[in-house]
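My structure is below; once you've seen it, I'll send some questions.
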Amino acid sequence: MQPDALHTFRTVAAHGSITAAARSLRYTQSAVSRQIAALEAEVGAPLFDRLPRGVALTEEGRCLLGHAEAVLDRLDSARRDLAALRDLTAGRLRVGAFPTAVAALVPRALAAFRSAHPAVALHLVEGLTPRLLDRLLSGDADVAVVSAAPDQPLDGGRFDLHHLVDEVLLVAVPRTHRLAHRRTVRLTELADDAFIAGSATAEETLLRATLPAGFRPRVDIVAAEWTGKLGCVAAGLGVALVPALAVRATPPDLALLRLHPDDASVRRVFAATVAGRSRPAAVRRFVAHLDEAAAGLTHLDEPAAGLS
């Protein structure tokens with residue numbers, strides 16, 4: 001049964017007249033009669049008794065009318081729901097982001113998105129890049145803000161990667177540190193300092209930084225969270241590499257120093273979605289807000305000015 005035929009049937013039933021229904025639908029009377037006849041042939045029974053003036057539902061017609069109304073109402077509801085998703089007046093957006101992206105970049109984009117589309121439910125999950133990519137593949141996130149070192153690119157075959165920004169790594173030292181007055185330092189100048197790191201493994205110790213030949217950082221304290229890591233630096237327990245995206249979260253009792261160009265490391269930041277899957281309207285709009293937020297951030301590629 002075609003929806004158009006059911007709609008015509010419901011209209012005839014409401015008006016009690018094929019002529020009146022045709023006028024309401026802006027069809028010819030013969031077109032309405034053909035649709036009703038085809039529907040009667042499909043159900044194998046007359047749906048209307050033809051009367052001298054108008055028509056009246058048969059028992060089969062009354063039975064079908066309830067089903068027709070339910071089907072047409074569900075179709076109308078589906079059209080409204082689909083339009084709401086398209087127009088961003090309903091729906092959800094599930095965002096994943098690595099920790100330092102949650103310091104400023106992602107919140108700014110989320111705030112702009114919510115201001116423009118308050119009816120869309122927002123969900124944010126923080127995690128490391130590998131876990132966020134797993135969430136994308138499993139369908140637990142719609143878009144993820146992830147990072148990668150230039151020599152460790154992400155899998156462009158499984159993911160669509162929209163480049164947002166490149167960020168440098170800075171060195172956080174206590175204000176009382178012997179090098180706190182400097183604007184640029186070499187990592188070798190910090191050879192005697194303990195590093196506060198998020199992991200004790202060589203791969204993750206310094207956020208996958210490019211280390212000078214022979215330089216082996218001494219890691220005395222491992223702190224997974226940025227609040228703990230920067231708190232240890234502020235207390236004079238060591239120094240730490242800080243991504244430029246985390247500048248807003250840095251306490252005022254720290255100095256941020258730029259690395260010498262020979263030691264400088266850059267992380268590439270992307271908005272990732274699963275390759276081959278269509279991007280919902282909410283994801284497309286959010287990525288646009290990410291672009292705007294990234295363009296508005298400072299200290300990403302010229303971090304030294306005003307930091308120490």
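Determine whether region 102-120 contains at least one residue that is at pLDDT 95 or above, at negative phi, among the hydrophobic types (A, V, I, L, M, F, W, C) and in contact with a Phe, Trp or Tyr (Cβ under 6 Å, 6 or more places away or on another chain).
yes
Taking the stated definitions as given, is residue 253 surrounded by fewer than 16 Cβ atoms within 10 Å (Cβ to Cβ), over 31 Å from the mean Cα position of the chain (by Cα) and under 19 Å from residue 168 (Cα atoms)?
No.
A further question follows. Which condition from (1) surrounded by 13 or more Cβ atoms within 10 Å (Cβ to Cβ); (2) not assigned by TED's automatic domain parsing to the domain that holds residue 243 is the one that residue 140 breaks?
Answer for residue 140: the failing condition is (2).
Are there any pairs with C-beta distances below 8 angstrom linking a residue in region 230-246 that is not assigned by TED's automatic domain parsing to the domain that holds residue 104 to a residue that is in a helix (DSSP H, G or I), with the two at least 6 apart or on different chains, and if so which?
none
Separate question: Could you tell me whether any residue of region 90-100 is under 30 Å from residue 7 (Cα atoms) and over 12 Å from the mean Cα position of the chain (by Cα)?
Yes - at least one qualifying residue is present in region 90-100.
So, in region 147-187, how many residues would count as being surrounded by fewer than 13 Cβ atoms within 10 Å (Cβ to Cβ) and among the hydroxyl-bearing types (Ser, Thr, Tyr)?
1
Filtering region 183-201 down to residues that are farther than 12 Å from residue 239 by Cβ and not β-branched (Val, Ile, Thr), which residue is modelled with the lowest pLDDT?
Per the stated criteria, the residue is 200.
OK, next. Checking the conditions here, which among 127, 231 is modelled with pLDDT of 85 or more and either surrounded by fewer than 17 Cβ atoms within 10 Å (Cβ to Cβ) or over 30 Å from residue 276 (Cα atoms) (or both)?
231
Cβ-Cβ below 7 Å, separation at least six or inter-chain, first residue in region 145-168 and farther than 19 Å from residue 246 by Cβ, second assigned to a strand (DSSP E or B) and among the charged types (D, E, K, R): which pairs?
Between residues of region 145-168 that are farther than 19 Å from residue 246 by Cβ and residues that are assigned to a strand (DSSP E or B) and among the charged types (D, E, K, R), the close pairs are 150/268; 163/268.
For region 1-114, please list each of the strands (runs of 3 or more DSSP E) lying entirely inside it that holds at least 1 residues being surrounded by 18 or more Cβ atoms within 10 Å (Cβ to Cβ) and of a type in the set (Lys, Arg).
Hits in region 1-114: 92-97.
The values are calculated or read from the model by the stated rules, or taken from the named source; none is laboratory data. Computed from a prediction, not measured in an experiment: that's the story for all the values here. With ideal geometry, Cβ positions are generated from the backbone for all residues, glycine too; neighbour counts draw on all protein chains shown.
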